[in-house]
1. Write out, first by first residue and then by second, each pair whose Cβ atoms fall under 9 Å of each other, whose residues are 6+ apart or on separate chains, and whose first residue, in the stretch 26-49, is modelled with pLDDT of 95 or more while the second is hydroxyl-bearing (Ser, Thr, Tyr) and more than 10 Å from the ligand (Cβ to nearest atom).
2. Being within 11 Å of the ligand (Cβ to nearest atom) and within 23 Å of residue 172 (Cβ to Cβ) is the requirement here; does residue 83 meet it?
3. When you look at residue 57, is it touching a residue at least 40 places away in the same chain (Cβ under 8 Å), within 14 Å of the ligand (Cβ to nearest atom) and either under 17 Å from the mean Cα position of the chain (by Cα) or under 24 Å from residue 156 (Cβ atoms) (or both), yes or no?
4. Any idea how many residues of the stretch 118-132 are within 13 Å of the ligand (Cβ to nearest atom), part of a helix (DSSP H, G or I) and surrounded by fewer than 19 Cβ atoms within 10 Å (Cβ to Cβ)?
5. Give the residue, chosen from 64, 89, that is within 23 Å of residue 151 (Cβ to Cβ) and near the ligand (Cβ under 8 Å from one of its atoms).
6. Just one of the numbered conditions (1) more than 14 Å from the ligand (Cβ to nearest atom); (2) at pLDDT below 95 is not true of residue 10; which one?
7. Output the number of residues of the stretch 100-119 satisfying the condition of being closer than 13 Å to residue 12 by Cβ and among the aliphatic types (A, V, I, L, M).
8. So which of 24, 2, 48 ends up being within 13 Å of the ligand (Cβ to nearest atom) and basic (Lys, Arg)?
Amino acid sequence: MRLIFLGPPGVGKGTQAALFCNERGYQHISTGELLREAVKKETELGTRARGFMDAGDLVPDAVILGLIEEALDRAPDGAVFDGFPRNQIQAEDLDGVLRERGETVNRVILFRVAEDEIVRRLTARGRADDTPETVKHRLNVYEENTAPLVDYYHRRGVLSEVDGMGAIPEIQRRVAAAVNGG
Ligand code: AMP
């Protein structure tokens, strides 16, 4: 099972991906988390990625693809991609690596939350790249690069929308229903 949790930063997809994967025994593949680990360990990749992340810009696609291939090797039973793909090139890269494995994107869960709630959640989180200016920039980067993927997956018939407002357990039930119901 290959799932994508899609939506702007702060929509709650990371929280839901962690809960969902815990329940199903799937791997939670968060490219943001993998990158933050690389930055912390000061690996070559981390050093390369850091400036982009601090600025709220996308890290180059080639860096991301390497991370994804490694992560897929560790996820034979199932995987939820969180924060990936973030643009058309990454979406096509993902199609390519999955095709080579005889797999496909089974479903994409799009999280919807009101914009003022997103800003509130991100500011409360307090991560290094959650300053008001960076948050604004990351939302713009999302609109420009990532939002067009909604159409890409919708046309393929694999998109489900989930209302991301409300209590975490309630949203969990919506996610499970969307994945099961297709
Ligand atoms: P996230 O934890 O998903 O909010 O990601 C934090 C930061 O890591 C982003 O603002 C980007 O700089 C970088 N990043 C995470 N995932 C990707 C990706 N798939 N493509 C490019 N950059 C990414």
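1. From the stretch 26-49, the pairs are 37/43; 38/47; 39/47.
2. yes
3. yes
4. Residues meeting the conditions: 2.
5. 64
6. Going through the list (1) more than 14 Å from the ligand (Cβ to nearest atom); (2) at pLDDT below 95, residue 10 breaks only (1).
7. 5
8. Of the residues listed, the single one that is within 13 Å of the ligand (Cβ to nearest atom) and basic (Lys, Arg) is 48.
The values are calculated or read from the model by the stated rules, or taken from the named source; none is laboratory data. Here the structure is a predicted model, which means the values were calculated and not measured. Note: ideal-geometry Cβ built from the backbone for every residue, glycine included; neighbour counts use all protein chains shown.
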